[in-house]
Every structure is written in C-alpha cells, then in structure tokens.
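Take a look at the structure set out below.
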Amino acid sequence: MMRTLIVYYSLEGNTRFIAEAVAKCVNGDILELKPEKDIPSKGFLKFVLGGKQVIFKECPKLKTLEKSIEDYDMIFLGSPVWAGTFTPAFNTLFSKNKIENKKVALFCCYGGQSGKIFGNFRKHLAKSTVVGEIGFKEPLKNDKELNKSRAEKWAKNIMNKL
C-alpha cells in the first residue's frame, strides 16, 4: 500500500482548503508547514514581508514537523504563489529534508498567475518523479465546490496512474 503525505503551507486558507480535499480523497496524511513567526495574513505588510522573504530566499524557522517525509512514497506539495514562486516555508523544508525516490504531485493557489512555481519546485525534486501539477485561482472566492471537485478529480487521476 502506497503511503501518501500532503505537505502544504497556507496563509489565508486557500491552500489548506485544497490540501484537505486532496488528503481526504486519497486517504493521505497531512502536514502543515507552520513558521514559528508567520507574517500577517491581511494588509500591506503581508506583501512587503512575504515578498522580502521570497527575494532573499529566507528559510523561516518552522514549528516541529509531526511527520517524516522519509516514511512516505507519494508526496503532494502545495503552496500559495508568492512573488512568482513557492513560499519561504518550502525553502526551510528543502534545506532540511531530501525528497528523493518519491512520486511527487504539485499544487498551488494564486491571485494573479502561477508564475514559475512548478519549475522552481522541480529544481528541488530532481531525484524524484513529478507526476502532476495543478493550479487554483483563489479557490475559496471562485466557486469553492468546483475547485474542491477539480482537486479531488486531479488527485484521484494521479493515484490511479501509480
């Protein structure tokens, strides 16, 4: 039986919404990346501080991870798009965890465009096989149920191919 883990970071709840839908659909475990000090989820400072972390490739200190990526065969990675890429919490994850010889699927949530998030994720996953990617434009604001069903269908298709 393939062990599946959904790893995500969410500031405003969009990525959490998709991660939970995927986890339920594939009967996977869930791991939220939680910085010890997070940025504000609203207002101008959100963009200033989040953008600064991305530009300087910061690795914010994360709260202790409750699961080990090593224990899983299939990993879903989900992030909001910040300044065209994944959130700094993933810099920390990649600096402390080797994701090798895994099947990996990527998802993101964005307000504008998905930017280079998938290409940037792939740079850290060279020793794994990326089996799918999908983006969601503000899923909590834009037809929540349709986005949930898109996430479930996508996740099922990936698991059926393995």
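Data overview
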{"read-out": "Odd one out for Ile6, checked against (1) touching a helix residue (DSSP H, G or I) at 6+ places or on another chain (Cβ under 8 Å); (2) touching a residue at least 40 places away in the same chain (Cβ under 8 Å); (3) in a loop (DSSP other than H, G, I, E, B)", "value": "(3)"}
{"read-out": "Unique match (being surrounded by 22 or more Cβ atoms within 10 Å (Cβ to Cβ), touching a residue at least 24 places away in the same chain (Cβ under 8 Å) and either in a helix (DSSP H, G or I) or more than 11 Å from the chain's Cα centre (by Cα) (or both)) among Ala105, Ala89", "value": "Ala89"}
{"read-out": "In the range 63-85, the residues that are surrounded by 17 or more Cβ atoms within 10 Å (Cβ to Cβ) and not in a loop (DSSP other than H, G, I, E, B)", "value": "Ile69, Met74, Ile75, Phe76, Leu77, Gly78, Ser79, Pro80, Trp82, Thr85"}
{"read-out": "Long-range neighbours under 8 Å by Cβ, at least six apart or interchain, first residue over 14 Å from Val81 (Cα atoms) within the range 38-66, second of a type in the set (Ser, Thr, Tyr) and assigned to a helix (DSSP H, G or I)", "value": "Cys59/Thr92; Cys59/Ser95; Pro60/Thr92; Lys61/Thr92; Leu62/Thr92"}
{"read-out": "Residue match in the range 85-96 (condition: touching a Gly at 6+ places or on another chain (Cβ under 7 Å), at pLDDT 95 or above and not charged (D, E, K, R))", "value": "yes"}
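The values are calculated or read from the model by the stated rules, or taken from the named source; none is laboratory data. Just so it is clear, the model here is predicted, and its values are computed rather than measured. As a convention, Cβ positions derive from the backbone with ideal geometry for all residues, glycine included, and neighbour counts pool all protein chains shown.
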